[in-house]
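Single-structure report; data block below.
Read the figures in this text as sums done on the coordinates, not as results from a lab. The structure displayed is predicted, hence computed values, not measured ones. Positions of Cβ are generated from backbone atoms using ideal geometry, with glycine treated the same way; all protein chains shown enter the neighbour counts.
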Amino acid sequence: ITVFGGMENVVREISERLAEDGNDVMVYTSLIGITQDRIKPVRNLTIQYCKGFTFANTAIMPGLLFALLRAPRNGVIHIHTPRPFVTEVAALVASILRIPYVVEVHSEIYPRGLFRFLIPAYEITCWRWVMRHANKVILLSQPHESRLRERYGLSRTIVIPNGVDKQFFVRRHA
């Protein structure tokens, strides 16, 4: 959780709810962009912040690999993407430790910045490998599921739309 946006809020909500239900939850995130206020851990929820830096619009956290290798082996790794580097490291550790992992795709990877020409090669190598080996790929809409199933040859997918609190809707009269 580097800067609070849609994906980061979803991760926070899922983590807090799982912890409230009595599950032990460990969140690994970056210190990038965090100056002082960190999320306060609550009962059953531990947050491990990793030092890192940004390169080509990508958070690089060298310590993430070693932190995840020390993770409990009796759980599931839930990867939120698109986050190049973090996604592959988490999937690699899950494969090494034989821990099931789930990938939740919040959006596709949009080519930006100086190294945007690398994105197509990244998608057909790294991202495809991560998605195909996941125990489940969660997508937010039916059209997105159809597109990614076809593009990457996925079979273990499910659509779970983001929930939206009713307080954000304003009832209007014609």
Legend entry - Projected label distance in nm at Asp24 and Val170, using a 7 Å step from Cα toward the beta-carbon: 4.7 nm
Inset, instruction - Show that you can apply the helix-only estimate: for the chain, add -39,500 (n - 2.57) for every DSSP H stretch of four or more residues, divide by all residues, and state [θ] at 222 nm to the nearest 500. - result: -9000 deg cm²/dmol
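Give me the percent of DSSP beta bridges within the range 25-154 that run antiparallel, rounded to the nearest 5. It would help to have the intermediate numbers written out before the result.
Numbers: 3 of 18 bridges.
Antiparallel bridges make up about 15 percent of those DSSP assigns within the range 25-154.
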Legend entry - Highest-first arrangement of 20-29, 68-77, 81-90, where packing means the average Cβ count within 10 Å: 81-90, 20-29, 68-77
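What whole-number value in cubic angstrom gives the convex hull volume per residue for the C-alpha atoms of the chain?
Working: hull volume 27.9 nm³, N = 174.
Residue-normalised Cα hull volume stands at 161 Å³.
Arrange the peptides 126-133, 143-150 so that the one whose residues have, on average, the most other Cβ atoms within 10 Å appears first. Mind dumping the intermediate values first?
Values: 126-133: 17.8, 143-150: 14.1.
Listed from highest to lowest mean packing, they are 126-133, 143-150.
Classify the range 82-159: rounded, prolate or oblate, from the alpha-carbon gyration tensor (a ≥ b ≥ c, eigenvalue square roots; a/c under 1.5 rounded; otherwise prolate if a/b is larger than b/c)?
On the way: a/c = 1.89, a/b = 1.12, b/c = 1.70.
It is oblate, given that a/c is not under 1.5 and a/b is not larger than b/c.
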Legend entry - Arg73 paired with Glu16, simple spin-label distance in nm, labels 7 Å along Cα-to-beta-carbon: 3.4 nm
